[in-house]
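Colleague: Sharing a structure here in structure tokens format.
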Amino acid sequence: MEATAGKKILVVEDEQDIAQLVRHYLQKEGFRSVTAMNGIDALKKVKEEKPDLIVLDLMLPEMDGLEVCKHVRSTPDTAMIPIIMLTAKAEESDTIVGLELGADDYVTKPFSPKALVARVKALLRRIDRTASTGPAHYRYGALTLDPTRHEVSLDQQEVLLTAKEFGLLEHLLRHRGRVLTREVLLNAVWGYDYYGTTRTVDVHIRRLKQKLPLLEDAIVSVKSLGYKLKDSD
Ligand code: CA
């Protein structure tokens, strides 16, 4: 059985016909699905249903898709849920904002439901590969991080990092290509009970870039949200 089968997809779309059609195709491919008709309902369903992926329409009543995306990404419990945004051609600039706010992919309307389901599968596979089966080593260009030995090297030369810098780098490498909010990084590296502010993350990112100059352009800052390590492949 395919790894994606049985996964739960939340479809957020106020146009009932489209929502129905998408659900139909998802179910045909072995997915479970839930729908939400507006942004507020979407956030409620995200919390209650804990979906494996969200198909999120951009234009929604109550709260638009960008706001929903921002909320999902800023809440540590939901931050890593993959999101595919649905946009209309005329909303292209919003699409770019959507990707900046942490959507993982987008599909332009009008779309074929079959193509959308293919994108859902591809994204689930991609994320499954990078996140759950953590490799023994992480490589990024000339950089290698060994989680078990707690070592980082650049061109085979060891680079000394503090525990927090190391944790931060490991988290970025494990989730490369995805937007990680400051809250999420803070929780992952410093822990939930840490009493600092999100500025701490900025300070450590800066130090990481000083010690490893190849990260200068590779770690991009995402408007008001957090950071992303560019996918190298
Ligand atoms: Ca809509």
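Colleague: Which residue, ASP52, ASP77, ASP104, tops the fluctuation ranking in a GNM of the chain built on C-alpha contacts under 10 Å?
Modeller: Its mean-square fluctuation being the largest, the pick is ASP77.
Colleague: Let me have the relative contact order for the chain, percent, based on Cα pairs under 8 Å that are six or more residues apart.
Modeller: Numbers: 366 pairs, mean separation 34.7, N = 233.
Result for the chain is 15 percent.
Colleague: Would you calculate the separation in nanometres between label points at GLU151 and TYR194, each defined as 7 Å from the Cα along the Cα-to-beta-carbon direction?
Modeller: So the label points at GLU151 and TYR194 sit 2.6 nm apart.
Colleague: Would you mind checking the tilt of helix 39-49 against the longest principal axis of the Cα atoms of the chain, expressed as 0 to 90 degrees and rounded to 10?
Modeller: Its long axis makes an angle of about 70 degrees.
Colleague: Right, next: Out of the total accessible area of the chain (probe 1.4 Å, heavy atoms of protein only), what percent is carbon and sulfur?
Modeller: Working: 6030 of 11930 Å².
It is 50 percent, rounded to a whole number.
Colleague: Measure off 7 Å from each Cα along the Cα-to-Cβ vector at LYS109 and ARG125, then give the distance between these two points in nanometres to one decimal.
Modeller: Each label point is offset 7 Å from its Cα along the Cβ direction, giving 2.8 nm.
Colleague: Shape verdict for the range 8-128, please, from the Cα gyration tensor: rounded (a/c under 1.5), prolate (a/b greater than b/c) or oblate. Please list the in-between numbers first.
Modeller: Details: a/c = 1.22, a/b = 1.08, b/c = 1.13.
Rounded shape, in that the Cα axes give a/c under 1.5.
Colleague: For the chain, set up a GNM with springs between Cα atoms under 10 Å and report which of LEU208, LEU58, LEU143 has the largest fluctuation.
Modeller: Greatest mean-square fluctuation among the candidates belongs to LEU143.
Colleague: Compare ALA103, ALA19, ALA188 in a GNM of the chain, Cα atoms joined below 10 Å, and give the one with the largest fluctuation.
Modeller: Result: ALA188 has the largest fluctuation of those listed.
Colleague: What is the ratio of the Cα radius of gyration of the chain to 2.2 N^0.38 Å, where N is its residue count, to two decimals? Display every interim value, and only then the final one.
Modeller: Values: Rg = 18.6 Å, N = 233, 2.2 N^0.38 = 17.5 Å.
Relative to the rule-of-thumb radius for its length, the chain sits at 1.06.
Colleague: Also, I was wondering about something else. How high is the relative contact order of the range 6-123, given as a whole-number percent (alpha carbon pairs under 8 Å, six or more residues apart)? Let's see the in-between values first.
Modeller: Values: 203 pairs, mean separation 27.7, N = 118.
This gives 23 percent for the range 6-123.
Colleague: What residues have an amide H closer than 5 Å to that of TYR106, excluding those fewer than 5 places away on the same chain, when H is modeled at 1.01 Å from N in the peptide plane?
Modeller: Residues meeting the criterion, in which the H sits 1.01 Å from N, are MET85.
Colleague: May I pose another question? Could you work out the local net charge near GLY196, counting Lys and Arg as +1, Asp and Glu as -1, over the other residues with Cβ closer than 12 Å to its Cβ?
Modeller: Numbers: positive: LYS164, ARG182, ARG199; negative: GLU183, ASP193, ASP202.
Cβ neighbours under 12 Å give a net charge of 0.
Colleague: Long-range amide H contacts for MET63: which residues qualify at under 5 Å (H placed 1.01 Å from N, peptide plane, sequence gap of 5 or more or a different chain)?
Modeller: GLY39, ILE40
Colleague: Next question, about the same structure. Using a 1.4 angstrom probe, figure out how much accessible area the chain has per residue, in square angstrom, rounded to the nearest whole.
Modeller: Values: 11930 Å² over 233 residues.
On a per-residue basis, 51 Å².
Colleague: Related question: Around GLU170, what is the net charge, scoring Lys/Arg as +1 and Asp/Glu as -1 over all other residues with Cβ under 13 Å from its Cβ? Before the final figure, lay out the partial values.
Modeller: Details: positive: ARG139, ARG149, LYS164, ARG174, ARG176; negative: ASP146, GLU151, GLU165.
Its environment carries a net charge of +2.
Colleague: Grab the other residues whose beta carbon is less than 9 angstrom from that of LEU123, score K and R as +1, D and E as -1, and report the net.
Modeller: Details: positive: ARG119, LYS121, ARG125, ARG126; negative: ASP104, ASP105.
Net charge in that neighbourhood comes out at +2.
Colleague: Here's another thing I want to ask about it. Given 0.36 nm per residue, what is the gain on full extension from VAL203 to MET59 after removing their alpha carbon distance, in nm? Write out the running numbers ahead of the final one.
Modeller: Values: separation 144, 0.36 × 144 = 51.84 nm, distance 3.59 nm.
Additional length available on full extension: 48.2 nm.
Colleague: Beyond 16 Å, how much of the Cα-Cα pair distribution for the range 1-75 remains, as a whole percent?
Modeller: Working: 1244 of 2775 pairs.
Here the tail beyond 16 Å accounts for 45 percent of pairs.
The values are calculated or read from the model by the stated rules, or taken from the named source; none is laboratory data. Predicted model, so just to flag it, every value in this text is computed and none were measured. So basically every Cβ, Gly included, is an ideal-geometry build from the backbone, and we count neighbours across all protein chains shown. We work out accessible area using only protein heavy atoms, side chains counted, and drop any ligands, DNA or RNA first. Shrake-Rupley method; radii C 1.70, N 1.55, O 1.52, S 1.80 Å.
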